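Only one structure is covered here, and it is reproduced in the block below.
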Amino acid sequence: MTSVLTDKHPCFSANAQHQYARMHLPVAPRCNISCNYCSRKFDCVNESRPGVTSEVLSAVEAKEKFERVKAEIPNLSVVGIAGPGDALANWDETRETIELIKQVDPGMIFCLSTNGLLLPEYAPALIKLGVKHVTVTVNCIDPAVGAQIYGTVNYQGKRYVGIEGSEILLHNQQEGIMYLAGHGATVKVNIVMIKLVNDWHIPDVVSKVKQLGACMTNIMPFIPAPGSVFSGLPATNMRDVNELRASCAGELKQMTHCRQCRADAIGLLGQDRANEFRSCASQVEP
Ligand code: SF4
Ligand code: SF4
């Protein structure tokens, strides 16, 4: 059973995708980890398509953009923060943006995506802020697999690498998901499927996050980003992704309509209107 809010969220409810629009506000440029599939010249793969750049907005600019978009797109139901870095690694900007928009539109659904490193610190504040939809990217539950996927993890002023870094990250992701789900948030887990790195391990990830309270997983194809550590690996083909989704569907609901949107996407899924609303200021250089 879904909540009334979830019924209006085009990503969490497949039925809503043709009726309700979402907008991503790119207020979060920094990141606290380095995924080997990421090139920091591009948007965060948490919720975005590599190969496109985004403008970066301040919270006040984001609120102004929201008002412009809402005036043009009355079926806008969701405001999301999905990069271009990590929403929680830019907590002040993320919090302020949500607070400012709530003041002008208290009925808006707020959503954010994160790598989960800072969830133990900020999950209670997210619940207090009224963020009811959270996406966490969890590519593995085994730190040995994580050590192949993550380069560095910057946490509480220290830089961790290898299994040590990945242990901290995976622990925090899991604690955060459990907290959020236990406090009424709807949690979706994104998983980047990388052949021979984590593809064989993904059914275990799906079972674990189900146990923690996630409502859905979104298995996404790995797309090699130029300049990233994994740039030489082959892209994962959709046939393999769909087979894996089908085999995991008995365990947990699978998202099959994700468009891997940009961090500044606007409109119905699949009909991006970001260009109509982009300002020239603060472009992230490719
Ligand atoms: Fe890149 Fe996102 Fe990973 Fe950060 S969490 S390194 S922005 S893919
Ligand atoms: Fe929704 Fe996927 Fe786009 Fe995020 S990337 S807004 S989950 S369709």
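Each reported figure results from applying straightforward, stated rules to the coordinates on display, with no laboratory input. Keep in mind the model is a prediction, meaning the values are calculated, not measured. All Cβ positions, glycine included, derive from the backbone under ideal geometry; neighbour counts span all protein chains shown.
Taking the Cβ-Cβ separation of Arg273 and Asp105 as r and a Förster radius of 22 Å, what is the calculated FRET efficiency to the nearest 0.05?
Details: r = 19 Å, r/R0 = 0.84.
It comes to 0.75.
Within 10 Å, Cβ to Cβ, of Ile73, how many net charges do the neighbouring residues add up to if Lys/Arg are +1 and Asp/Glu are -1? Don't skip to the end; give the middle numbers.
Details: positive: Arg22, Arg68, Lys70, Arg273; negative: Glu72, Glu276.
It works out to a net charge of +2.
Give me the compactness ratio for region 4-262, meaning the Cα radius of gyration over 2.2 N^0.38 Å. Please report the intermediate quantities before stating the final value.
Working: Rg = 17.0 Å, N = 259, 2.2 N^0.38 = 18.2 Å.
It is 0.94.
Could you give the length gained by full extension between Asp204 and Glu67, i.e. 0.36 nm per residue of separation minus their alpha carbon distance, to one decimal place? Let's see the in-between values first.
On the way: separation 137, 0.36 × 137 = 49.32 nm, distance 4.24 nm.
45.1 nm is the gain from fully extending Asp204 to Glu67.
May I ask you to compute the full-extension gain from Leu252 to Lys195, defined as 0.36 nm times their residue separation minus their alpha-carbon distance, rounded to one decimal in nm? All intermediate terms of the calculation are to be shown ahead of the outcome.
Values: separation 57, 0.36 × 57 = 20.52 nm, distance 2.14 nm.
Using 0.36 nm per residue and subtracting the Cα-Cα distance, I get 18.4 nm.
I'd like to compare 153-164, 199-210: which one has the highest average count of other Cβ atoms within 10 Å, and what's the full order after that?
Working: 153-164: 13.8, 199-210: 18.7.
Most protected by this proxy first, the peptides run 199-210, 153-164.
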